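Beneath this line is the structure, given in structure tokens, with notes to follow.
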Amino acid sequence: MCGIAGIWTFDRQRSAEVAWVRAMLTRLAHRGPDDQGIWQDHQRGVFLGHRRLAVVDLSPAGHQPMMSNGLVIIFNGEIYNFKELRSELESDIRFQSATDTEVLLHGYKRWGLGLLDRLVGMFAFAIWDSTKEQLFLARDRMGEKPLYYCHSPNGFAFASELGALTEVLWADCSLDRAALALYLQYQYVPAPLTIYQGVRKLLPGHAMVVKKSGARIWRYWDPGTFLARPRFHISDEEATERTGDLLRTAVAGQMIADVPVGAFLSGGIDSSAVVALMTELAPGKVKTFTIGFEFSEYDESSYAAEVARRLGTDHTCEVMTERQTLDLIPTIPEMYGEPFADPSALPTHLVSCVARKQVTVSLSGDGGDEVFGGYTRYVSLEQLQALTKRIGPLGPLIRPLARHLPGKFGRAADLLGCPAIELYRRLISVFSATDVMAMTGINSKYPEFDRAWNTHPSLSARRRAMMADFLTYLPEAILVKVDRASMATSLETRAPFLDHRVAEFALQLPNSFVRNKLLLRSLVFQRLPKELMERPKSGFGVPLARWFRGPLAGLMHDALSDSILSELGISKTPLIRNLCREHAAAERDHAQRLWALVVLSLWWSRRPRASASEHPTLRREVVTAGECAAKRLAGETKKIGLETNDLEGKAISIGPKANEIEAKADNIVLSNDLERKENEVDVEKKDIEGKQTSAA
């Protein structure tokens, strides 16, 4: 797993792109601490950068960007079937490495865009095709690997994380208020939006081709096509066996690496299923990891320890103090790049830190709930639907009483009698659309959710809710959480439940098989005692409610000040005041809503920099302090008189040629050694035209 970044500038009068790519890679350093490379075709204005976390073929042969006969690739992720694909290509190709990256490069040369249909894995990559003068970018089917981009008249830029694109001057990083409204309702910013107006996310299962004349985006994998197929006529035993076979294949493929591999183990059904299969496949003991907490209400480490004992794993558990967890909160804005309010991001990062001390890759149980129907809210939806039918015309009389029910049931009371989509929308919302409108004046429309829900109108509400989660909540909340939390500590995570072959099978199962993770439970109960596994699920959480009445009370007060909310365009309505008052008095638990507001405020206070559009007086190149630092390390910075602002708002001075890279050829490779020093190296290679050049 790695970090990628690139710029294709359409304005050849500019000369800052290499500096921008370097600065972007600096922001992505945690994703790839082992190596860095930059390739450029100055004549065409294409600049590609890569940070490497070495997992397969640890030799220098795996260095990226990787080139071959007019093609250049940068790749983040893993292709689990790369050995099978390589065997198809070896008849007329001589490989120079043992990497999956090189298989992608030659696979594109052989199969073109059809390469995507052959891939099993998680990925985000970009391929520059000099013959066609186009960029080809793609993202994996489930959305495990991120890909952000901005497209403007100045050019096209992309990166693995949102923060990297703030280094591109012409990226419009002004606040997207529609995205803000959706964040308040759902606690994440849904794709294709980001919190910035000029930056977008490529959706899972989508690809794009960029030319100077424009860009084309298309979906190459649609789970709806499998959901529309006739359901399998299959017995319980057959379904369990096929699920086990598919998962075993997925786990086996995801255990392949040239570095130590382990697994997260919470002691729940999903992670226990993955670890059980790993122990059956691994030649030695599987390393497993969990964390415990001082705050016992969220500590399930004893269950994980018992599962580990029965499965015979080499288990590590570290107990986290409350202070360790609280100290992590200020890092959340930088870790995620935009507001993200799932509090389980905190323990997810902590367990990633524990695992990273011993392994580079960790398998996880993510995706089990979405693929096999494990969320209790699906049951809640069915109950609300049944209640709606029963109360019939009595609804207006019952609603005022139902509003006093605790949690989301109380907030859903107003919707008794409404369509199922609105019932479910309320169940998954932090703030209702009405509340968001009151705070922001914006109608929080979520077209991707609506499209996912309406994929097949004839399906049951439960199945439609599962599809909506599969296409929205899974990639935008669960997978974002895990990717950023783990990669912040340079740990690669892999999720066997998200092998697309597993998902395609589950999508064609009858409804009765995708309730309460029936098939996964059957698999686990074959390996572990039922009495150990059948227990209420508490989740991977933290005691926010208590913290907001104690150690976080001051932060909450500061974060929800009138001045900060006003800057965000949020009215401090009676709603917000009541949330604070009722929670402080322990009258009601508003912890999740308060957390969403606090995280938003923290992000706003710590965002990387303002949009270029907010500085209309600037007419010359603006380069950040980080870029200048990189230049100074390379001995390339010269003094001139251009004033700009660094990340902390201090004035700095740079020179007109500070961003120019002098080279003996139009196409060069710039790379850092394993200690990330900005050393110039001589590289013998073939340039983009296939000619031999030497780049210094």
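In order along the range 356-362, the Karplus-derived 3J(HN,Hα) couplings, from 6.51 cos²θ - 1.76 cosθ + 1.60 at θ = phi - 60°, round to 5, 5, 10, 9, 9, 10, 9 Hz, and Gly and Pro are given as x. Shape of the range 494-551 from the C-alpha gyration tensor: prolate (a/c of 1.5 or more and a/b above b/c, with a ≥ b ≥ c the square roots of its eigenvalues).
With K and R counted +1 and D and E -1, the other residues having a Cβ less than 14 Å from that of PHE548 yield a net charge of 0.
Amide H to amide H distances under 5 Å link ARG141 with GLY205, where only residues 5 or more positions off or on other chains count and H is placed in the peptide plane. The H on the amide N of TYR196, modeled in the peptide plane, is under 5 Å from the matching H of ASP176, each at least 5 residues off or on a different chain. The residues of the range 541-606 present an accessible area of 42 Å² per residue when probed at 1.4 Å with all protein chains retained. Checking the Cα-Cα distances for LYS481/LYS517; LYS201/LYS445; LYS145/LYS201; LYS83/LYS109; LYS201/LYS481 against a 19 Å cut-off, the pairs over it are LYS481/LYS517.
Using a 1.4 Å probe on the protein heavy atoms, what percent of the accessible area of the range 53-125 belongs to carbon and sulfur? Carbon-and-sulfur percentage of accessible area, whole number: 48. Applied to the range 517-534, the Karplus parametrisation 6.51 cos²θ - 1.76 cosθ + 1.60 on θ = phi - 60° returns per-residue 3J(HN,Hα) values of 6, 3, 5, 5, 4, 4, 5, 5, 5, 6, 10, 9, x, 4, 5, 6, 8, 7 Hz, with x for Gly and Pro. Residues whose amide H comes within less than 5 Å of that of MET66, counting only those at least five positions distant or on another chain, are ILE73 (H built at 1.01 Å from N in the peptide plane). For the range 212-316, averaging the sequence separation of C-alpha pairs within contact (under 8 Å, six or more residues apart) and dividing by the residue count gives a relative contact order of 22 percent.
Judged by the ratio a/c of the largest to the smallest principal axis of the C-alpha gyration tensor, the range 1-107 counts as oblate, that ratio being 1.5 or greater while a/b is no larger than b/c. Each 10 Å bin, from zero up to the one with the longest distance, holds this percent of the alpha carbon pairs of the range 479-592: 10, 22, 25, 21, 20, 2. Solvent-accessible surface of the range 427-494, taken per residue with a 1.4 Å probe and all protein chains present: 29 Å².
Probing with 1.4 Å while keeping every protein chain in the model, the per residue accessible area of the range 139-277 equals 31 Å². Karplus-based coupling profile of the range 54-71, in residue order and whole Hz: 6, 10, 10, 6, 7, 6, x, 5, x, 4, 10, x, 10, 10, 6, 6, x, 10, with θ = phi - 60° in 6.51 cos²θ - 1.76 cosθ + 1.60 and x standing for Gly or Pro. As a rough guide to protection, the peptides 307-320, 457-470 ranked by mean Cβ packing within 10 Å, highest first, stand as 457-470, 307-320. Here the peptides 141-150, 221-230 are ranked by packing, the mean other Cβ count within 10 Å, and the order with the highest first is 141-150, 221-230. Quick one: grab the alpha carbon gyration tensor of the range 248-342, order the square roots of its eigenvalues as a ≥ b ≥ c, and give me rounded if a/c is under 1.5, else prolate or oblate depending on whether a/b is larger than b/c. Oblate. Annotation note: chymotrypsin sites (Phe, Trp or Tyr not before Pro) in the range 3-85 located in DSSP loop regions with a Cβ neighbour count of at most 15 within 10 Å are PHE10.
The values are calculated or read from the model by the stated rules, or taken from the named source; none is laboratory data. Worth saying up front: this structure is predicted, and the values here are computed from it rather than measured. Every residue, glycine as well, gets a Cβ built from its backbone with ideal geometry; the counts of neighbours run over all protein chains shown. Accessible surface areas use protein heavy atoms only, side chains included; no ligands, DNA or RNA. Shrake-Rupley method; radii C 1.70, N 1.55, O 1.52, S 1.80 Å.
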